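Notes to accompany the following structure.
The values are calculated or read from the model by the stated rules, or taken from the named source; none is laboratory data. Predicted, not measured: the structure shown is a model, and the values here were computed from it. Neighbour counts are summed over all protein chains in view; Cβ atoms, including those assigned to glycine, are modelled from backbone coordinates with ideal geometry. Heavy atoms of the whole protein, side chains included, go into the accessibility calculation; ligands, DNA and RNA do not. Shrake-Rupley method; radii C 1.70, N 1.55, O 1.52, S 1.80 Å.
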Amino acid sequence: MGHTWESMTVAVDGHVAQVTLIGPGKGNAMGPAFWAELPKVFTSLDADPDVRAIVLTGSGRNFSYGLDLAAMGAELPGLDAGAKSRSDFHKRLQKMQGAISAVADCRTPTIASVHGWCIGGGVDLISAVDIRYASADAKFSVREVKLAIVADVGSLARLPLILTDGHLRELALTGKDVDAARAEKIGLVNEVHEDPEASLVAAHATAEQIAANPPLTVHGIKDVLDQQRVARVSESLRYVAAWNSAFLPSKDLGEAVTAMFEKRPPNFAGE
């Protein structure tokens, strides 16, 4: 593609592309560059007829810590946010939703290889791919609730199509961490492999199998499968964007962020 990205690298070998998250935030946290670059990268790969499958992984010890609060926190509306700032937040949120949707809407099959932490926005991202593999050290958390946030860029829209209702509600309402074995048991990942390298090898092996199939038929399969969920996901994303624009600013949100930076337990008051 001849382009250098700040938040990810792209390497194409034969008919398979690998997109690797590289930060720049700690733990490949998702800052401004990630949200701007993700849709461009996946739209570009999807437009390349030579790329027939895409493997998505993280660099270093983790897949992704999720939203880079240090870099993005200023974009959260304050408690006294008026209509203009809430409307601006609504637009920014829809743009972020669109970045993850660019992965989900990609006609080229996508396979995630997850190792280390996959938190919050990381789960939003893997919920948008077709197939998920993990290494034994992988840990997952739909952690937004602990920050007084309703997950709003894809998890609550797409995970109902991946997990059974009780398992999803348990993850979303507790914000708990689950290990790779539990993730496999509840169907969040297809397979667990011994280490990150083995997981990535498995992802590439599946990508090669897909790439060997007739590409227009593969696109057709994805299109038919996606047709069954596109309206449902779209309605959910629209609803949560409006819901968070109205209710996200809260004393609890301020307390959650402050407590996180002060490394202390939060004291939520329901205000």
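Exactly one residue out of Lys185, Lys95 is more than 25 Å from His204 (Cβ to Cβ), charged (D, E, K, R) and open to solvent by 50 Å² or more (accessible area, probe 1.4 Å), and it is Lys95. Tell me, yes or no, whether segment 71-86 has at least one residue that is in contact with an Asp or Glu (Cβ under 7 Å, 6 or more places away or on another chain) and more than 25 Å from Ala180 (Cβ to Cβ). Taking every residue of segment 71-86 in turn, none turns out to be in contact with an Asp or Glu (Cβ under 7 Å, 6 or more places away or on another chain) and more than 25 Å from Ala180 (Cβ to Cβ). Residues considered: Glu255, Glu235. Of these, the only one that is of a type outside the set (Ser, Thr, Tyr) and free of Cβ contacts under 8 Å to residues at least 60 places away in the same chain is Glu235.
The set of residues from segment 65-117 being of a type in the set (Asp, Glu) and within 16 Å of Asn244 (Cα to Cα) comprises Glu75, Asp80, Asp88. Taken over segment 224-271, residues that are in contact with a Gly (Cβ under 9 Å, 6 or more places away or on another chain) and of a type in the set (Asp, Glu) amount to 1.
Is it true that some residue in segment 48-56 is at pLDDT 90 or above, under 19 Å from Ile100 (Cβ atoms) and out of contact with any Asp or Glu (no Cβ under 9 Å at 6 or more places or on another chain)? Yes, the conditions are met somewhere in segment 48-56. The residues of segment 194-208 that are touching a Ser or Thr at 6+ places or on another chain (Cβ under 6 Å) and either surrounded by fewer than 17 Cβ atoms within 10 Å (Cβ to Cβ) or within 18 Å of Ala53 (Cβ to Cβ) (or both), listed by number, are Asp195, Ser199, Leu200, Ala203.
Within the span defined as segment 191-198, every residue fails to be under 18 Å from the mean Cα position of the chain (by Cα) and part of a strand (DSSP E or B).
Each residue in segment 138-181 was checked for being within 14 Å of the chain's Cα centre (by Cα) and either open to solvent by less than 10 Å² (accessible area, probe 1.4 Å) or closer than 25 Å to His90 by Cα (or both), and 14 pass. Of the residues that make up segment 101-118, is at least one of a type outside the set (Phe, Trp, Tyr), in contact with a helix residue (DSSP H, G or I) (Cβ under 7 Å, 6 or more places away or on another chain) and open to solvent by 40 Å² or more (accessible area, probe 1.4 Å)? Yes, the conditions are met somewhere in segment 101-118.
The single condition from (1) under 20 Å from Ala99 (Cα atoms); (2) open to solvent by less than 40 Å² (accessible area, probe 1.4 Å) that Gly78 fails is (1).
Among the residues of segment 224-246, those identified as open to solvent by less than 40 Å² (accessible area, probe 1.4 Å) and within 20 Å of Ser87 (Cβ to Cβ) are Leu237, Val240, Ala241, Asn244, Ser245.
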